[in-house]
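Take a look at the structure below.
The values are calculated or read from the model by the stated rules, or taken from the named source; none is laboratory data. Remember, predicted model here, so these are calculated numbers, not experimental data. Cβ placement follows ideal geometry from the backbone for every residue including glycine, while neighbour counts extend to all protein chains displayed. With ligands, DNA and RNA removed, areas are computed over all heavy atoms of the protein, side chains included. Shrake-Rupley method; radii C 1.70, N 1.55, O 1.52, S 1.80 Å.
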Amino acid sequence: KEDTTAATNGSSSESKISEQLSRSKYIPLKDLGFPSSLSLLVENMLQSGWGQILRPDDSMTSLKDAIDDLYLLLNDPDRFLFDSVAEQGGSLNIRPGKLYGREKETALITDAFYRVSTSGESEILLVDGFSGCGKSKLIQSVIGQVNFAGGYVIQGKFDEIAQHCSQIGVLTNALNKLCILICEKNEPTVVNDIVIDLMLVFGAHLYTLARLLPNVAMLSQQLNLFDQNEALNLSNVPYILLLFLRVVSNKSRPVMLYLDDLQWADPVTLDVINCILSDIKGNNCVFVVGSHRNHQIECQNHPLHMFIDRLEECQVQPTKIHLHGLEAADLNTLISDALGLFPRMSRLLSNIIQRKTEGNPFYVLEFLKSLVERNLLQYSLRERRWVWDAEKIELEQISENISELLTRKISSIPEERQRALHIVSCFGTSIGSDVVHAMSEVAEYSSLGRELEYAYSDGFMERDSPSGGYKFAHDKLREAAYGQMKEEDRNMLHYDIGVALLNRAEGLESDNMLFLCVDQLNRGQAMISTPEEVLEAVEMNHSAASQALATCDFTAALKYAKTALKLVGEENQFADYKSILFVMANAAYSCGLYEEASTAIDAILQEEASLDEKFKFDVYDLKITMLVSRQEGKSAYITCLEVLRKLGDDAASPFLHDANDADFQRRLEQVSGQLKEVTETDLMAMNDMTNPAHLRLIHFYNQAAVISYFVQPKMIKRITCRLVELTLEHGVSKYTALSLVRYAMTLPSMASTSTVQ
């Protein structure tokens, strides 16, 4: 203090202070080189004695305020003591990993994981809330604890727009990454034990696991059984994944499976998750954590509602967490941290923002950034702290879904950068590095990589570690970027991207490149006009459907097949039209859509005369499989007999009808006589059956044998005898061993004692 004059004796305290202020001059400590926060603390302590009329709104009201301020200065000096904001050019100091006001919810998640890891029983926890409320950040905050406890953390994200990975592939991709974690987090001896268990559990069906999860080959070369030509049983995917989790998860190594945006998951994928969680043997140890937007599943028929109902029917009670906006105190802490101001000083601003954003954390931060961009919130070099105009901010309007604010933010950046964001939004929430590289080699998109790097620096994008590419900093940014384009512009961009990827697809390593191309072309389908373009789109969808079927993504396969058929139109002039129908029938059957599958099968068989032999009997094979699965055994058996007649087996008559026992007995004696002459050495030296016609014949006889056991038991001995006869005539096949065992079992009922001996 430079000058002090005593106040007049008889005046009121306020007038004394007023008179003192008019005659006194204080030098702020910041002008003497002290940190502005320390200067402000001392100034506010002095102001606390000025009385209610003169005391500023943000001055101290109690000793506790001073204690709280001193605590922040001591424990977080970089943020509250030193003038670091000035050094950063006056930018907001946002803590990306900091979680505000979610202590109770975090405890619920950690408690649930503790129950799983100690009991060994799987659980599911569901987090719901509006977009931007911090669902993902809440779940990400506990991942470190799971890793520390020795668990495996795998993640997947369902995407409204990225159809190539929005179904069962999200789940299988996550479990495929689990194989890598098993190798990284365990000693070789532990990995070897897991390999042995996998071989014991899966046996001859280990190739099916290798088809679904190629990374199992990383555990051991013994598991490198993937064979593209090997037929895949499409009906047991849930069971295969369940067996895998039984082997690799336990109380000491629980698996945390985090699935984001469950509102976009399809019923097939949800059924697989239900199968894992409701394992009646309870041998897997999986903690499933899912997040979803509650306002997007309001319909009671939504698949997620039905999934939750089925869980409860199976005695699996999900733990549910609903996230609201932040409470006023927590929101003020967030803003205080961002501004580097004492909480009591940011309270007025946070109250305004609370009313406008309802405490939604993402909205709060975006609103803060917009205030800075429009100089309604700015860093004062003179005061060395953030200042704002509360009245003007109070008048600011904010959209309920903040899309206008984000759209305005995107519109403020250069057009080339906007276009880069538009391109990424066409793929969903992320884009892989291989796609960025492929598109950058096309002249029209040569600046994509550079502009995405700038977008990363601007905070629009983040690094996507799994793909090595980029992802939007928040789903709302993607929605704003995608919504910024008119529908016609979106269609054109989708189509152009599809064509660009199609031209660059050769030589790319991404397994999903075909799906990426086709998804983009399909979304830009309105731009397809010429017959040549239609033909190319049909062929691409056909290929995508076949590949999706081979990788067990049945929902995607059905979607691609239907799109191809729609493009073909009613004329059905496309050469592979029936092949597309067959893929659709397979996919529909695997999805449980029996009527659709039956309709497709019937449509193919209406033109049976023009069908290739192999293709025709593949169609019949699927038809029989479908009839059996629907417990229509008699129809399946009749169809088998019909197929055997079509195969032209003239010698089959005594074996297919319960008549003419004398003929059958004579043939039986002939077979028995032939077998007497065959030694074990002769049997082992037999040639393999290689003729496709003979292989088809024995395949359908085996089908008939299995079905007859349930619907025509007295016919099984006749069919078994014919199977043995075919083996003796044409060589051994994969059905030979079973046929001989079956023959031995049925022989006592159809031959004399001497023949049996």
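When restricted to residues that are closer than 17 Å to Leu126 by Cα and either free of Cβ contacts under 8 Å to residues at least 40 places away in the same chain or aromatic (Phe, Trp, Tyr) (or both), region 314-341 contains 2. If you go through region 340-349 and keep only what is of a type in the set (Lys, Arg) and open to solvent by 40 Å² or more (accessible area, probe 1.4 Å), you end up with just Arg347. Ala217 meets each of the listed conditions (1) more than 28 Å from Asp464 (Cβ to Cβ); (2) at pLDDT 85 or above; (3) surrounded by fewer than 16 Cβ atoms within 10 Å (Cβ to Cβ) apart from (1).
Yes/no matrix, rows are residues, columns are (1) in contact with a helix residue (DSSP H, G or I) (Cβ under 8 Å, 6 or more places away or on another chain); (2) among the hydrophobic types (A, V, I, L, M, F, W, C); (3) at pLDDT 90 or above; (4) not in a loop (DSSP other than H, G, I, E, B):
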position: His295; (1), (2), (3), (4): no, no, no, yes
position: Gln300; (1), (2), (3), (4): no, no, no, no
position: Ile308; (1), (2), (3), (4): no, yes, yes, yes
position: Lys320; (1), (2), (3), (4): no, no, yes, yes
position: Gly325; (1), (2), (3), (4): yes, no, yes, no
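For region 7-52, a residue qualifies if it is assigned to a helix (DSSP H, G or I), open to solvent by 80 Å² or more (accessible area, probe 1.4 Å), at pLDDT 60 or above and more than 20 Å from Leu63 (Cβ to Cβ), and the qualifying residues are Asp31, Leu32. For region 673-746, which fully contained helices (runs of 4 or more DSSP H) count at least 1 residues that are acidic (Asp, Glu)? So the answer is 680-684, 716-730. Taking region 283-339 as the range and being surrounded by fewer than 21 Cβ atoms within 10 Å (Cβ to Cβ), at negative phi and polar (S, T, N, Q) as the test, the residues that pass are Asn283, Asn294, Gln296, Gln300, Asn301, Gln317, Thr319, Thr333.
Are any of the residues in region 376-385 part of a helix (DSSP H, G or I), more than 19 Å from Phe80 (Cβ to Cβ), touching a helix residue (DSSP H, G or I) at 6+ places or on another chain (Cβ under 7 Å) and open to solvent by less than 40 Å² (accessible area, probe 1.4 Å)? No, there is no match, as no residue in region 376-385 is part of a helix (DSSP H, G or I), more than 19 Å from Phe80 (Cβ to Cβ), touching a helix residue (DSSP H, G or I) at 6+ places or on another chain (Cβ under 7 Å) and open to solvent by less than 40 Å² (accessible area, probe 1.4 Å). Listed by first and then second residue, the pairs linking a residue in region 477-494 that is over 16 Å from Thr407 (Cα atoms) to a residue that is outside any helix (DSSP H, G or I), with Cβ atoms under 6 Å apart and 6 or more places separating them unless they lie on different chains, are Asn491/Gly524; His494/Gly524. Among the residues of region 68-88, not a single one is more than 19 Å from Ala338 (Cα to Cα) and at pLDDT 75 or above.
Quick check on region 172-194. Is at least one of its residues at pLDDT below 85, in contact with a Ser or Thr (Cβ under 9 Å, 6 or more places away or on another chain) and closer than 30 Å to Asp475 by Cα?
Residues of region 172-194 at pLDDT below 85: none.
No, region 172-194 contains no residue that is at pLDDT below 85, in contact with a Ser or Thr (Cβ under 9 Å, 6 or more places away or on another chain) and closer than 30 Å to Asp475 by Cα.
Restricting the search to helices (runs of 4 or more DSSP H) fully inside region 123-208 and requiring at least 3 residues that are under 13 Å from Tyr258 (Cα atoms), open to solvent by less than 10 Å² (accessible area, probe 1.4 Å) and not basic (Lys, Arg) gives 168-185.
Considering only residues that are among the aliphatic types (A, V, I, L, M) and under 32 Å from the mean Cα position of the chain (by Cα), which ones fall in region 350-383? Residues satisfying the conditions are Val364, Leu365, Leu368. Every test in (1) open to solvent by less than 20 Å² (accessible area, probe 1.4 Å); (2) of a type in the set (Ser, Thr, Tyr); (3) over 17 Å from Gln418 (Cβ atoms) is passed by Ser465 save one, and that test is (1).
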